[in-house]
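Comments concern the structure below.
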Amino acid sequence: MTNNRSSLTILITGSSGIAEATARLAGEGGARLFIAGIERGQVERLIAELREQGVTVDGHVGDLSEEAVVREAVSRCRELYGRIDGLFNVVGMSGRRYGDGPVHESTVEGWRMTLRHNLDPTWLMCREVAGVMLGQSPNAAGGRGAILNMTSVLAAAPEASHFATHAYAAAKGAISSLTIAMASYYAAHRVRVNAIAPGLVRTPMSARAQTNPEIIELMKKKQPLHEDLIEAVDVARTALFLLSDESRSITGEILNIDAGWRVS
């Protein structure tokens, strides 16, 4: 990686919302991309649209909570591009439909599904990509790579009335802890590890919230910088900064992109 983002090779998990916005922004800047996700139609559509715009991009479809799928995706990305400069772990899901909620009301299925599809893909991807980065030669700026994980403002700043999904908060809190522990270990190896903690962002995952008048009204006070939901591209801009050597002195940070949620 150099300060020129066009030299980046970035592996992004997920194909909609923040993942899609980041892929489009990175592609515009000339980065080489690899998209990994479970929704075949979304992954293939995004790849096709990016290729039409002249972006170098490929991808892999599969359940990223499965070890074999993650290994195949990372191996294919490395074979295509020779190295992986950045990993952006975006993929995740709400477990509400499976029974995630307040602890006393939640179900075993809700707990297990939420952790499996939020925490497991992040850990598996980190494990595989960290191994690749350790074997890479340092770039011109002296770094071997950057890993960026996705946590949530809910991990440290809960909201009880509309967002009491405790398994989701637990999964995202675990990702925050994983990020800091990894950053401590891999700093000596010139691999940076950070995370972003968005507030309520306008994505397909937040569709329920977007149609709830009470939540929209709440955002006027909870996210006062916008008095609304955050746009995915605003998160994408910060993600690309943390994946590039423009942030080469930053590691072990959990950066909140919450329009004022935590302080409101």
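Bear in mind these aren't lab numbers, they're just calculated from the coordinates by the rules spelled out. All values reported here derive from a predicted model rather than from experimental measurement. Here the Cβ is made from the backbone with ideal geometry for all residues, glycine too, and neighbour counts use every protein chain on show.
Roughly speaking, what is the centre-to-centre gap between region 186-264 and region 35-66 when only Cα atoms are used, to the nearest Å?
After rounding, the separation between the Cα centres reads 23 Å.
Per 0.36 nm of contour for each residue apart, how much would the distance between residue 262 and residue 72 grow if the chain were fully extended, relative to their Cα-Cα spacing?
64.6 nm
Build a GNM of the chain with springs between Cα atoms under 10 Å: which of 104, 226, 162 gets the top mean-square fluctuation?
Looking only at 104, 226, 162, the largest GNM fluctuation is found for 104.
With +1 on each Lys and Arg Cβ and -1 on each Asp and Glu Cβ, how big is the dipole of the chain about its Cα centre, in debye rounded to the nearest 20?
Value, rounded to 20: 480 debye.
Among the aspartates and glutamates, which fall within straight-line cross-link reach of residue 220, defined as a Cα-Cα distance under 18 Å, with same-chain neighbours fewer than 8 residues apart omitted?
Reachable aspartates and glutamates: 159, 228, 231, 234, 258.
Filter the GluC sites (Glu not before Pro) in region 1-98 to those in DSSP coil with at most 15 other Cβ atoms within 10 Å of their Cβ, and list the result.
39, 66
Can you pull out the trypsin sites (Lys or Arg not before Pro) in region 1-62 whose DSSP state is coil and whose Cβ has at most 13 other Cβ atoms within 10 Å? Don't skip to the answer; put the middle values down first.
Working: sites: 5, 24, 32, 40, 45, 51; in loops: none.
Here no trypsin sites (Lys or Arg not before Pro) fit, given the DSSP loop and packing criteria.
Quickly work out the residue 217-to-residue 51 label distance, labels modelled 7 Å from Cα along the C-beta direction, and quote it in nm with one decimal.
4.9 nm
Straight-line reach from residue 172: which aspartates and glutamates fall under 13 Å, measuring Cα to Cα and dropping same-chain residues less than 8 apart?
Of all the aspartates and glutamates, those that pass the test against residue 172 - Cα under 13 Å, at least 8 places apart if same chain - are 120.
For the chain, take the longest principal axis of its alpha carbons; what is the angle in degrees between that and the long axis of helix 67-81, to the nearest 10 within 0 to 90?
Tilt relative to the chain: about 40 degrees.
Just to confirm a number: summing +1 for Lys and Arg and -1 for Asp and Glu over residues other than residue 71 whose beta-carbon lies under 13 angstrom from that of residue 71, what do you get?
-3
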